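What follows is one structure encoded as structure tokens, with my remarks underneath.
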């Protein structure tokens, strides 16, 4: 089976689970980056949620783009954009992400994000449910209903409302 034909469940986490993505402006950087990737026909995005310290996606790479390349570019770009804002507006916060590495002074994303292929509709639906119910979990309590959380694709599925303009239904 050609893996590129399958939807992937992707999770990226902020370094040491710090709540860097709490400000909406950083969530918006991620939204804009996803929109760009879709417009450039590098990916199809089926679902997402952006939490205070991590994000989950259901996406599929468009030929000829490779998963590793798209993931790397997405994480690198979003980290750079957030870092630019931290340098300008929140230098003390940026210092919390200082690392002792040869190739960088700061690191925002944990290395080795999780990416697994969904080989069936049942697995895709289980991941979709998990993504959309993340903000209502007791440990987060970001909203009482999945479709009320602004930085998620839940409204697309629960209310048939596309607030982002880049989502594709997973059954398409």
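The angle between the Cα long axis of helix 67-89 and the main principal axis of the chain comes to about 40°, on a 0 to 90 degree scale.
When 78, 13 are arranged by Cβ crowding within 10 Å, least crowded first, meaning fewest neighbours, the order is 13, 78.
For Rg/Rh (Cα atoms, Kirkwood Rh), which listed value, [x] 0.96; [y] 1.09; [z] 1.02, comes from the coordinates shown? So the calculated entry is the one marked [x].
Helix 24-39 and the long axis of the chain differ in direction by around 50°, with both axes built from C-alpha atoms. Axis of helix 121-133 versus longest Cα principal axis of the chain: the two differ by about 50°, to the nearest ten degrees.
Which distance in Å, rounded to a whole number, links the C-alpha centroids of the stretch 64-130 and the stretch 12-48? About 8 Å separates the Cα centre of the stretch 64-130 from the one of the stretch 12-48.
Bear in mind these aren't lab numbers, they're just calculated from the coordinates by the rules spelled out. Computed from a prediction, not measured in an experiment: that's the story for all the values here. Glycine also receives a Cβ, built like all others from the backbone with ideal geometry; neighbour counts cover every protein chain displayed.
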